[in-house]
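What follows draws every value from the coordinates through simple rules; no lab data is involved. Just so you know, these numbers come straight off a predicted model, no measurement behind them. Positions of Cβ are generated from backbone atoms using ideal geometry, with glycine treated the same way; all protein chains shown enter the neighbour counts.
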Amino acid sequence: MRTLRRLFCTALLGLAATSAIGTPAFAAEPQLGQQYLALPNAQPTDTGKKVEVIEFFAYYCPHCNAFEPQLAAWVKKQGDNIVFKRVHVAAGAGAQAQQRLFYTLDAMGLLAQYHAKVFEAMHVQRQRLSSDEQVFDWAAQAGIDRARFIETYRSFGIQARLRRAASMMDAYSVEYWPLLVIDGKFVTSPSQAGKSLPGSSEAEQQAGALQVMDVLVARAKAEKDRQ
């Protein structure tokens, strides 16, 4: 009986470690090659003493949509420790209009206001946003000046941003998304973190990725502060 009671208590403690406030716990500090990977070629950063964090994502991606609220809260919590950047991936003809939409909002200084609304339009309201005209109609309905939006959308500046996004995908070896790059050196994702959490839900994998990112950012920040 005592043995059974001890086993029962041990099981409860294990559940508490993995389910407290919905956040899974790693058995040890995240390990290179397991919860995160190193880029084949480290990329330069321009963020000074702050740690660069890049998210590669796509508006159409349901996993990017599911991750967005937790990621946004994480970015807010990190505050001045990081400089957070997003790169909308080049993901085929069907997503080109969405990619242009992202960079147009950014160029117009409207990204913070409308980023979550694009996800909502696609994943809640089920708008396709897969053609230029569908994007133009959405922008106008959202309260953005249609003529100014179209002018920016079709500008050489946006075309240059699209080329830059494609080159970054090559430089950072991006093959799936969402993908997070820390300090130009390390990459992780909910699916990568989830490899050490067998049987975990997508929400638990997302929380696991954020734990890994906490560790990598702290490590990179300490290294920068020593320089």
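Is it the case, given these coordinates, that D106 is of a type outside the set (S, T, N, Q) and surrounded by fewer than 17 Cβ atoms within 10 Å (Cβ to Cβ)? Against the criterion (of a type outside the set (S, T, N, Q) and surrounded by fewer than 17 Cβ atoms within 10 Å (Cβ to Cβ)), D106 does not qualify.
So that you can scan it fast, the table gives a plain yes or no per residue for (1) touching a His at 6+ places or on another chain (Cβ under 7 Å); (2) in contact (Cβ under 8 Å) with a residue 24 or more places away in the chain; (3) over 17 Å from A193 (Cα atoms); (4) assigned to a helix (DSSP H, G or I):
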site	(1), (2), (3), (4)
P30	no, yes, no, no
Q34	no, yes, no, no
N41	no, yes, yes, no
D46	no, no, yes, no
E52	no, yes, yes, no
Y60	no, yes, yes, no
N65	yes, yes, yes, yes
Q70	no, yes, no, yes
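Exactly one residue out of I144, I82, I158, I150 is touching a residue at least 60 places away in the same chain (Cβ under 8 Å) and farther than 14 Å from Y60 by Cβ: that is I82. For A90, state whether it is small (G, A, S), touching a helix residue (DSSP H, G or I) at 6+ places or on another chain (Cβ under 9 Å) and either more than 30 Å from D225 (Cβ to Cβ) or touching a residue at least 40 places away in the same chain (Cβ under 8 Å) (or both). Judged against the criteria, A90 is a match. Only one entry of D170, D145, D183 meets the criterion of being under 30 Å from L32 (Cβ atoms), charged (D, E, K, R) and surrounded by fewer than 14 Cβ atoms within 10 Å (Cβ to Cβ), and that entry is D170. Looking at the structure I just gave you, is V51 farther than 22 Å from S131 by Cα, touching a strand residue (DSSP E or B) at 6+ places or on another chain (Cβ under 7 Å) and surrounded by 17 or more Cβ atoms within 10 Å (Cβ to Cβ)? Criteria met by V51.
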